[in-house]
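Okay, structure first, notes after.
The values are calculated or read from the model by the stated rules, or taken from the named source; none is laboratory data. This one's a predicted model, so the numbers in the text were calculated from it and none came from an experiment. Every residue, glycine among them, receives a Cβ derived from its backbone with ideal geometry; neighbour counts consider all protein chains shown. Ligands, DNA and RNA are stripped out before the accessible areas are found, and what is left, the full protein with its side chains, is counted by its heavy atoms. Shrake-Rupley method; radii C 1.70, N 1.55, O 1.52, S 1.80 Å.
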Amino acid sequence: VMGLLKGINPLLTADVLHILRSMGHGDKLCICDCNFPAAQVATKSTSKKHVILTVTLPEALDAICSVFPLDFFEEKQAVFMGPQEGVAMPWAGVEVASLMEEAIMENCGEDATIGKMERFSFYEEAKSCFAVIQCLERRPYGNVILWKGCVGPDGLDLKP
């Protein structure tokens, strides 16, 4: 895929790169689907930024995780939205969660720990994120929060 910068996925627009670079270790990033109340949640975020990427969640994650270090000093490096108690995850939600996990692990390592967070808890957690990046994912529960870590001396995610 060709872009305007060498080695940088062209989905990483100037707005997205500015958000990622402005974040410090321990900051959280919400990447959400097209049905998520992103504009409203972004008003509560640290930066108040809401950026839209016109791709699926796995495509957005592949691009973002290609440059974004995860925080391996935390118990979990990411959490995805799951249904509330008593509600089963639909097949399409299971599919997008699996593809999300693949994109994160491919870029950040097989040792990345990804948890599931109940839907209403996820909404509250998203409000404490640095920014919200919304994609055009239409499968249900296509929402994830990533914890930013540090880039180590070797140029990879710093790990304990």
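Couple of notes before you dig in:
- PHE68 being closer than 13 Å to ASP157 by Cβ, open to solvent by less than 10 Å² (accessible area, probe 1.4 Å), in a loop (DSSP other than H, G, I, E, B) and touching a strand residue (DSSP E or B) at 6+ places or on another chain (Cβ under 8 Å): yes
Quick grid of which residues meet (1) among the polar types (S, T, N, Q); (2) in a strand (DSSP E or B); (3) more than 14 Å from the chain's Cα centre (by Cα):
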| residue | (1), (2), (3) |
| --- | --- |
| MET100 | no, no, no |
| LYS116 | no, yes, no |
| GLU125 | no, no, no |
| CYS129 | no, no, no |
| TRP147 | no, yes, no |
| PRO153 | no, no, yes |
| PRO160 | no, no, yes |
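- Selection status of GLU85, among the charged types (D, E, K, R), more than 18 Å from LEU20 (Cβ to Cβ) and open to solvent by 10 Å² or more (accessible area, probe 1.4 Å): yes
- Selected residue (criterion: most open to solvent (accessible area, probe 1.4 Å)) from residues of the range 21-65 that are within 15 Å of PHE122 (Cβ to Cβ) and assigned to a strand (DSSP E or B): LYS28
- Restricting the range 115-140 to residues that are basic (Lys, Arg) and either out of contact with any Pro (no Cβ under 9 Å at 6 or more places or on another chain) or surrounded by 24 or more Cβ atoms within 10 Å (Cβ to Cβ) (or both), the residue that is nearest to LEU12 (Cα to Cα) is ARG138.
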